[in-house]
Amino acid sequence: EDPPAYSTYFMSCFHSHSCAPNVGWHYSGDNFVLRARQDIQAGEELCITYLPEEGLYESTVERRADLQTTKGFECGCDRCASAWDTSRGFRCDCGGVRFLASETSVTSDEKQCSPCNNAACTKAPDRAALQKIMEEEEKLVKMFRKFENNTTDVQTTKAKEVLGNSEKNFPQHWVTERMWNWMQNGCTRHRKYADAITFADRRAGFMEKAYTGLNGAAAWCIEEWASLTVRECGVEPNNMGNKQSFEKVKSGDAMILYDRALHILINMFGTEHEFYVDVKSKVDQLKEAAKKVGVTL
């Protein structure tokens, strides 16, 4: 934040951090609520995340740097200690995808990557090739950090400049996902909903592969995807459209996408939290408007 702000949360400070948290927390009035984000075995430590939801999709190197800067420790959770970083996928020469090692960086002595997802590929990149890949990655990360708090128009312009190479060289990478997000926001602003839907789809695909746990950022991405699909059918918040528009909504994927988003939110936050209530209210209003013109969603 700028200017910096700090706060202390009494109950949550008793929980350790993990980049694959098994619980999440929030307050309901004066009550501290702790909810499971996955199945938990008896005797297993309950861990929350100290990072924002979207931060869980960043690379191990970036997550650790964030935690070191803001919390004063280097994360050693199972996810950070895993061999390959599923948020740092790069294009193999064969056309498949490989992942950089979790601790590999431009300045590290060892340069390692995962096997290719193309089973027929037999030639791994050498040290020099990996160094070049990581130098390109570093440029992308620095560009993102420079403009991450800028205006939508500026971000869209920068995304257009780098997205071609980013998609080509880093198809399963957290910075590429952020570029898709910038493009989605720009397209939405200019009412280019079909293009925005494409970028939302790609973002959701990255998230599903990068981190399999429940995540609020994934829910909000899918909810945005659903809302864009509704708008592409001709139903806007200030212009609810006609029967034909709602028939398009019914035959499309919007309601399935809303259900996916709500499934994540209800499991993470329950039925009374504003994150769930806001999306559920939007869906209910959409159904009510459709009902008025004779369409059941």
Next item on the list: With a Förster radius of 35 Å, plug the Cβ-Cβ distance of Gln41 and Phe73 into 1/(1 + (r/R0)^6) and report the FRET value to the nearest 0.05.
Entry: 0.90
Checklist line | Reachable aspartates and glutamates from Lys282, criterion Cα separation under 20 angstrom, eight or more residues apart if same chain | finding: Glu223, Glu224, Glu232, Glu236, Glu247, Asp253, Asp259, Glu272, Glu274
Checklist line | Mean Cα-pair separation over length for the stretch 242-297, i.e. relative contact order, pairs under 8 Å, 6 or more apart, % | finding: 46 percent
Next item on the list: Enter the angle in degrees (range 0 to 90, nearest 10) between the Cα long axis of helix 60-71 and the first principal axis of the Cα atoms of the chain, meaning the one along which they spread out most.
Entry: 80 degrees
Item checked: Rounded to 5, percent antiparallel among DSSP beta bridges of the chain -> 90 percent
Next item on the list: For Lys158, list the lysines whose Cα falls under 21 Å from its own Cα; do not include residues on the same chain fewer than 8 positions away.
Entry: Lys139, Lys142, Lys146, Lys168, Lys192
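Please give me, ordered by residue number, the GluC sites (Glu not before Pro) of the stretch 32-136 that lie in loop per DSSP and have at most 16 other Cβ atoms within 10 Å. Spell out each step's value before the answer.
Working: sites: Glu44, Glu45, Glu53, Glu54, Glu58, Glu62, Glu74, Glu103, Glu110, Glu135, Glu136; in loops: Glu44, Glu45, Glu58, Glu74, Glu103, Glu110.
The qualifying sites are Glu44, Glu45, Glu74, Glu103, Glu110.
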Next item on the list: Give me the accessible area of His190, 1.4 Å probe, in Å² rounded to the nearest 10.
Entry: 110 Å²
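I need the calculated FRET efficiency for the pair Arg127 and Glu208, taking r as the beta carbon distance and R₀ as 35 Å, to the nearest 0.05. If you can, show how the numbers build up before the last one.
Details: r = 32 Å, r/R0 = 0.90.
Calculated transfer efficiency: 0.65.
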Notebook entry, point to check: Counting only protein heavy atoms, what percent of the accessible surface of the stretch 1-95 is carbon or sulfur at a 1.4 Å probe?
Noted result: 49 percent
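Taking a probe of 1.4 Å, how large is the accessible area per residue of the chain, in Å²? Provide the component values of the computation, followed by the final result.
Working: 16280 Å² over 297 residues.
Here the residues of the chain average 55 Å² of exposed surface.
Calculate what fraction, in whole %, of the accessible area of the stretch 138-297 sits on carbon and sulfur atoms when a 1.4 Å probe is rolled over the protein chains.
Values: 3840 of 8150 Å².
Answer for the stretch 138-297: carbon and sulfur cover 47 percent of the accessible area.
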Next item on the list: Run the quick spin-label model on Glu236 and Glu148: label points 7 Å from Cα toward the beta carbon, then report their separation in nm to one decimal.
Entry: 3.3 nm
Margin query: Can you give me the C-alpha center-to-center distance between the stretch 61-78 and the stretch 80-100, rounded to a whole angstrom?
Written below: 21 Å
Next item on the list: Restrict the search to the stretch 223-297; then list the trypsin sites (Lys or Arg not before Pro) that DSSP places in a loop and that have at most 13 other Cβ atoms within 10 Å of their Cβ.
Entry: none
Margin query: Output the 0 to 90 degree angle, nearest 10, between the alpha-carbon long axis of helix 193-210 and the longest principal axis computed from the alpha carbons of the chain.
Written below: 50 degrees
Check: Do you know the relative contact order of the chain, to the nearest whole percent, from alpha carbon pairs under 8 angstrom that are 6+ apart?
Finding: 14 percent
Next item on the list: Kindly express, to the nearest 10 degrees and within the range 0 to 90, the angle between helix 127-147's C-alpha long axis and the longest C-alpha principal axis of the chain.
Entry: 40 degrees
Checklist line | Neighbour cut-off at most 12 other Cβ (10 Å), DSSP loop, chymotrypsin sites (Phe, Trp or Tyr not before Pro), the stretch 54-123 | finding: Phe73
Notebook entry, point to check: Using Cα pairs under 8 angstrom and six or more residues apart, how large is the relative contact order of the stretch 109-220, in percent?
Noted result: 18 percent
Notebook entry, point to check: In nanometres, what is the gap between the two model label sites at Gln112 and Ala194, each 7 Å from Cα along Cα-to-Cβ?
Noted result: 4.7 nm
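Using 0.36 nm per residue, how much length does the chain from Asp66 to Lys160 gain when fully extended, once their Cα-Cα distance is taken away?
On the way: separation 94, 0.36 × 94 = 33.84 nm, distance 2.69 nm.
Here the segment from Asp66 to Lys160 would lengthen by 31.1 nm.
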Checklist line | Computed E for Asp93/Lys139 - FRET, C-beta separation, R0 25 angstrom, nearest 0.05 | finding: 0.80
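The values are calculated or read from the model by the stated rules, or taken from the named source; none is laboratory data. Just so it is clear, the model here is predicted, and its values are computed rather than measured. Because the Cβ atoms are built from the backbone with ideal geometry, glycine has one as well, and the counts that use them run over all protein chains shown. Just so you know, the surface numbers come from the protein's heavy atoms only, side chains and all, with ligands and any DNA or RNA stripped out. Shrake-Rupley method; radii C 1.70, N 1.55, O 1.52, S 1.80 Å.
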